[in-house]
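Read the figures in this text as sums done on the coordinates, not as results from a lab. From a predicted model like this one, the values you see are computed outputs, not experimental measurements. With ideal geometry, Cβ positions are generated from the backbone for all residues, glycine too; neighbour counts draw on all protein chains shown.
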Amino acid sequence: MISSRRKFLRETLFGALTLSAAKLIPFDIARADIASEIRPLLKFFSPNEFLIMQAVAERIVGTPRRNGPTAREVNIALRADQFLIDADPETQEQLHQLLTVFNGALFTFLFDFRFSSFVNMSPEDQDSYLESWMTSSIEFRRTAFQALKRVSLSMFYTEGRSWNEIGYDGMFLPWERGRQ
C-alpha cells in the first residue's frame, strides 16, 4: 500500500513537472499561410496545437480500409477544437500543455532520444513515437497517449462518414434500413 502511494505520488509529480515545463518552452510550427487560413476557424487550439492534433489523429486513425474518409477529411483536429471549447478549464489547460510536451523537440529527446518534434518526424517515426508513449513505463506518458487516442477516435467515429469503416449503417431500426 505504501509503495503504491509512493509510486502514484512520484508519477503524478513527474507528470506535473513535465506539464509545468511545457509552459516555459515557446514553439511555433505553423507556417504563416496555414496559420492565417486556420486561425479564424479555431476556438480552442492555437494553429500550432491544431497541426499537432492533426498529425496525431492521422497516425492514430490510420489509412481507411473500406474507401472511408481519412482523419483529415473528417477534420478531426477541427472537430476536437470545437468540442474542447466546452471542456472544463483544468482539462483545457492540461491538453494545451500535453500537446506542447508531446511535440516539443526537447521532450522527444528526453523521452526517446529523438532529435525532432513530432510533426517533423516521418510517418514511421511518428508511429514509433506514439507506440513509445503507449507502452511507456512512465504512467504520465501512457495516460497522455490514452487522452490523445480517445480524442482522435471519438472525433473520427462520431462523424457519420466514418461509420462505413466499422460496418455501421447508422441509427436506423433494422426494418427501416431499406427505406432511406
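Annotations for the structure displayed:
- Full-extension gain in nm, GLN92 to GLU124, via 0.36 nm per residue minus C-alpha separation: 8.6 nm
- Loop-located chymotrypsin sites (Phe, Trp or Tyr not before Pro) across segment 34-116 with a Cβ neighbour count of 13 or fewer within 10 Å are PHE113, PHE115, with loop assigned by DSSP.
- Positive minus negative residues near GLN126 (Lys, Arg vs Asp, Glu; Cβ under 13 Å): -4
- Gained length - ARG150 relative to THR63, 0.36 nm times residue gap less alpha-carbon distance: 29.6 nm
- Assigned charges on the beta-carbon of Lys, Arg, Asp, Glu; segment 39-180 dipole about Cα centre (debye): 360
- The label-point distance for SER116 and ASN164, in a model that sets each label 7 Å from Cα toward Cβ, rounds to 3.3 nm.
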